[in-house]
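Report on the structure given below.
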Amino acid sequence: MDDYRPIVSNSELNSYKIGVIHQRVQHYRAFLKNSFFFGSSRLDANFALQRSWRREYSHPEDPYQDVAGLFLKLNTFNYDVKYYLPEIDGWEMTVGANGMYQKNNVDAGTEFVIPSYRQFDLGAFLLIKKDFKKLSVSGGVRYDYRHFKNEKLFTKPNPVSGFDQAVFGNDREDADQPFQKYTTSFDGFTGSIGLSYAINHQVSIKANFARGYRAPNISEISANGVHPGTGFYQIGNDQFKPEFSNQADLGASFSSRKINAGASFFVNKIDNYIFNSRLQSAAGGDSISVSGGREYPTYKFRQGKVLLYGMEANIDFHLIGDLHFENSASLILGKNESFSGSEKNDGNKYVPQIPPLRYVSELRYDLAKNSRSFSKTFVKLQLQYTADQNRVYSYDDTETPTRGYTLINLGAGTGINDKNGKNILDVYLLANNIFDTAYQDHLSRLKYFEEYAASPNGHLGIYNMGRNISIKLVKNF
């Protein structure tokens with residue numbers, strides 16, 4: 001029973017030392033970038049190797065802290081090759097391939113959310129572009145392939161520590177098997193075409209039509225355990241198909257000496273859309289899974305059809321000298337078409353994890369324009385407004401509404417120059433959420449990360465950061 005949870009002392013809460021429950025990450029990367037020139041053509045070949053060892057120490061009862069709960073050993077090889085063909089009558093063409101090979105091992109831990117696996121990704125593509133005076137045309141086609149090979153895993157408690165551990169060979173008597181051996185592949189063709197037309201020097205319009213593709217990831221097809229970052233038991237689905245989408249975008253922009261403005265609209269219809277949904281028991285209550293002697297709410301990934309549509313807009317004013325007034329807004333709406341008949345209701349008509357309306361307004365004034373000792377000096381006042389989000393996927397209590405909030409931020413910065421006017425140091429002073437507003441981001445998983453039956457202010461979950469004042473120094477070498 002993982003019930004060793006002593007009260008954290010004030011001395012620990014006020015200390016900067018690494019806590020008993022902590023993480024250790026070792027990440028190593030080597031990157032090789034190459035360009036080869038053949039007359040008017042060019043070949044770019046980029047390769048990378050990454051090795052990531054991640055330990056999450058989640059057993060406070062372990063006196064020596066030498067047993068990691070989650071222990072992931074991930075090795076990744078990335079490749080990206082592009083060949084830029086010689087231009088033919090103004091047509092620019094690029095062919096290439098990119099992807100990765102990945103190997104992950106989970107056997108050294110005591111908690112198992114995903115299995116050990118091997119993954120290979122390949123994407124081959126062709127891009128074409130041409131300018132016709134005021135009109136620019138670009139497009140491309142692509143083929144993607146992903147191959148998964150998941151390893152089976154047997155576990156049983158260690159006779160000394162009591163923690164679960166991976167077992168090998170024939171030592172499988174009374175062992176659990178959270179993961180089966182599993183092999184699958186995904187592939188798909190995609191393409192896009194985009195147009196940009198300059199009506200005059202100030203106004204241009206753009207349009208784009210595209211078919212998209214996304215293969216399921218390891219968690220979505222194979223998860224079977226407690227996700228440590230969310231506090232619930234996650235189950236994958238090995239019957240998933242790739243996501244395919246058809247999207248149209250339309251936008252316009254205006255640019256002058258005193259005003260810059262733009263707006264774009266999109267609509268995106270996605271088949272086999274993957275989203276997370278809370279499971280209910282046969283009796284109608286929450287489905288509960290037990291791991292390590294503790295109970296967790298259970299979630300499972302599912303697929304369906306969704307329609308996403310929305311807009312982005314910005315307008316910046318430069319009416320008075322060095323005073324800048326910049327504004328931007330974004331809105332995304334989602335219609336969940338995964339349910340039909342009697343199963344369809346008000347709780348599942350929206351798409352989960354959709355951000356609410358967001359508006360950002362910033363007033364910035366540039367100072368010391370004629371100073372030799374200082375450069376890029378500014379002061380700014382920023383307002384961030386986020387609306388209520390009531391269009392939620394409340395089916396089986398998966399998602400809850402989130403109250404809107406307004407944050408006020410202040411900032412100032414300058415570049416310090418030497419006697420010759422050369423920059424030697426940049427200094428920034430930033431104060432975010434200066435009124436210490438208590439708020440929760442709708443997309444935050446920590447919004448649901450609380451095990452209390454009630455909360456004194458009526459809102460469960462962990463809140464976002466309060467008032468935060470920081471100083472940033474940037475030294476250029």
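Among the residues of segment 80-103, write down those that are of a type in the set (A, V, I, L, M), over 18 Å from Gly191 (Cβ atoms) and out of contact with any Phe, Trp or Tyr (no Cβ under 7 Å at 6 or more places or on another chain).
As a first pass, look at segment 80-103 and keep what is of a type in the set (A, V, I, L, M): 81, 85, 88, 93, 95, 97, 100.
Of the ones still in play, those that are also over 18 Å from Gly191 (Cβ atoms) are 81, 85, 88, 100.
Of everything in segment 80-103, those that are of a type in the set (A, V, I, L, M), over 18 Å from Gly191 (Cβ atoms) and out of contact with any Phe, Trp or Tyr (no Cβ under 7 Å at 6 or more places or on another chain) turn out to be Val81, Leu85, Ile88.
If you scan segment 79-94, which residues turn out to be under 30 Å from Asn105 (Cβ atoms) and in contact with an Asp or Glu (Cβ under 9 Å, 6 or more places away or on another chain)?
Pass one, segment 79-94, residues under 30 Å from Asn105 (Cβ atoms): 79-81.
Correct list: Asp80, Val81.
Cβ contacts < 9 Å: first residue on the phi > 0 side of the Ramachandran plot and in contact (Cβ under 8 Å) with a residue 12 or more places away in the chain, restricted to segment 368-390; second residue basic (Lys, Arg) and in a strand (DSSP E or B), any location; separation 6+ or different chain. Result?
Hits for this filter: Ala368/Lys376.
Scan segment 422-443 residue by residue and report those that are under 25 Å from the mean Cα position of the chain (by Cα) and of a type in the set (D, E, K, R).
Asp441
Name the pairs: first residue in segment 22-36 and of a type in the set (S, T, N, Q) and at pLDDT 95 or above, second residue part of a strand (DSSP E or B) and surrounded by fewer than 10 Cβ atoms within 10 Å (Cβ to Cβ), Cβ to Cβ under 9 Å, at least 6 apart or on different chains?
none
Taking segment 73-106 as the region of interest, how many residues are more than 18 Å from Leu49 (Cβ to Cβ), surrounded by 15 or more Cβ atoms within 10 Å (Cβ to Cβ) and either among the acidic types (Asp, Glu) or out of contact with any strand residue (DSSP E or B) (no Cβ under 9 Å at 6 or more places or on another chain) (or both)?
Counting residues in segment 73-106 that are more than 18 Å from Leu49 (Cβ to Cβ), surrounded by 15 or more Cβ atoms within 10 Å (Cβ to Cβ) and either among the acidic types (Asp, Glu) or out of contact with any strand residue (DSSP E or B) (no Cβ under 9 Å at 6 or more places or on another chain) (or both) gives 1.
Search segment 105-134 for residues that are under 19 Å from Leu70 (Cβ atoms) and pair each with any residue that is assigned to a strand (DSSP E or B) and of a type in the set (Val, Ile, Thr) when their beta-carbon atoms are under 8 Å apart and the residues are at least 6 apart or on different chains.
Matching pairs, first to second residue: Glu111/Val226; Phe112/Thr155; Val113/Val226.
With the condition being among the polar types (S, T, N, Q), at pLDDT 95 or above and assigned by TED's automatic domain parsing to the domain that holds Phe71, I'd like the strands (runs of 3 or more DSSP E) fully within segment 93-193 carrying at least 2 qualifying residues.
Fully inside segment 93-193 and qualifying: 135-150.
Take the residues in segment 241-263 that are polar (S, T, N, Q) and crowded, with 17+ Cβ neighbours inside 10 Å, then tell me which one is farthest from Thr184 (Cα to Cα).
If we take residues in segment 241-263 being polar (S, T, N, Q) and crowded, with 17+ Cβ neighbours inside 10 Å, then Ser253 is farthest from Thr184 (Cα to Cα).
Among the candidates Leu74, Leu85, which residue alone is in the same structural domain as Asn200 (by TED's automatic domain parsing), touching a Ser or Thr at 6+ places or on another chain (Cβ under 7 Å) and under 29 Å from Asp164 (Cβ atoms)?
Leu74
Asn75: in a strand (DSSP E or B), under 30 Å from Lys130 (Cβ atoms) and among the polar types (S, T, N, Q), yes or no? Walk me through how you get there before you give the answer.
Details: in a strand (DSSP E or B): yes; under 30 Å from Lys130 (Cβ atoms): no; among the polar types (S, T, N, Q): yes.
No, not satisfied.
Out of the residues in segment 226-258 that are under 19 Å from Lys206 (Cα atoms) and not hydroxyl-bearing (Ser, Thr, Tyr), which is farthest from the chain's Cα centre (by Cα)? Walk me through it before giving the result.
The first filter runs over segment 226-258 and keeps only residues under 19 Å from Lys206 (Cα atoms), leaving 246-256.
The next check asks that each one be not hydroxyl-bearing (Ser, Thr, Tyr); those that pass are 246-252, 254.
On the way: Asn246: 21, Gln247: 20, Ala248: 23, Asp249: 22, Leu250: 25, Gly251: 25, Ala252: 28, Phe254: 31 Å.
Taking the candidates together, the pick is Phe254.
Output the number of the condition that Lys206 fails; it satisfies all remaining conditions of (1) farther than 30 Å from Lys82 by Cβ; (2) surrounded by 13 or more Cβ atoms within 10 Å (Cβ to Cβ); (3) of a type outside the set (S, T, N, Q); (4) free of Cβ contacts under 8 Å to residues at least 60 places away in the same chain.
(1)
For every residue, the table says whether it meets (1) surrounded by fewer than 15 Cβ atoms within 10 Å (Cβ to Cβ); (2) at positive phi; (3) without any contact (Cβ under 8 Å) to a residue 24 or more places away in the chain.
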site	(1), (2), (3)
Ala313	no, no, no
Glu326	no, no, no
Asn345	yes, no, no
Lys349	no, no, yes
Glu362	no, no, no
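Answer yes or no as to whether Ser219 is at pLDDT 95 or above and hydroxyl-bearing (Ser, Thr, Tyr).
Spelling it out, it is not the case that Ser219 is at pLDDT 95 or above and hydroxyl-bearing (Ser, Thr, Tyr).
What is the number of the single condition among (1) at pLDDT 95 or above; (2) surrounded by 15 or more Cβ atoms within 10 Å (Cβ to Cβ) that Phe339 does not meet?
(1)
Filter segment 1-52 down to the residues that are loosely packed, with under 11 Cβ neighbours inside 10 Å and touching a Leu at 6+ places or on another chain (Cβ under 6 Å), then identify the one that is nearest to Asn105 (Cα to Cα).
Going through the qualifying residues, I end up with Ala30.
How about segment 283-354: which strands (runs of 3 or more DSSP E) wholly inside it have at least 1 residues that are outside the structural domain of Asp238 (by TED's automatic domain parsing) and either within 30 Å of Lys376 (Cα to Cα) or within 29 Å of the chain's Cα centre (by Cα) (or both)?
Where strands (runs of 3 or more DSSP E) fall fully within segment 283-354 and carry at least 1 residues being outside the structural domain of Asp238 (by TED's automatic domain parsing) and either within 30 Å of Lys376 (Cα to Cα) or within 29 Å of the chain's Cα centre (by Cα) (or both), they are 294-320, 323-336.
The values are calculated or read from the model by the stated rules, or taken from the named source; none is laboratory data. For clarity, every value in this text was computed on a predicted model and none was experimentally measured. Reconstructed Cβ throughout: ideal geometry from the backbone, glycine too, with neighbour counts over all protein chains shown.
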